[in-house]
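Novice: Right, I'll just put the structure down here and ask away after.
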Amino acid sequence: MANKTHALLNGWTLLADRSYKLFANQNSYVLLDEENDVVMQFSVTEQEFEVISSNWNLHYKIIPAFKTVKILNIPTEE
């Protein structure tokens, strides 16, 4: 599966599998998986990436130098 890049506010970038959907309201975001379950709710500011809530099995990496967040989970194919 290929990743999709999502530009966020304040220069942040989210990389996630194409099957994930991202919804925004000002500087707050909700990421949904392929089954439309909330995977992560988060917000960004100039200097911070804050996770409000997340799915217990979500794996992600934050690269502060590049203001990038990479979702490492790969959806299962059925």
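The values are calculated or read from the model by the stated rules, or taken from the named source; none is laboratory data. For clarity, every value in this text was computed on a predicted model and none was experimentally measured. Note: ideal-geometry Cβ built from the backbone for every residue, glycine included; neighbour counts use all protein chains shown.
Novice: Mind counting the residues in segment 17-33 that are touching a Leu at 6+ places or on another chain (Cβ under 7 Å), crowded, with 19+ Cβ neighbours inside 10 Å and modelled with pLDDT under 95?
Specialist: Number of matching residues: 1.
Novice: Filter segment 1-22 down to the residues that are more than 10 Å from the chain's Cα centre (by Cα) and more than 11 Å from Val44 (Cα to Cα) and list them by number.
Specialist: Selection gives Met1, Ala2, Asn3, Lys4, Ala7, Arg18, Ser19.
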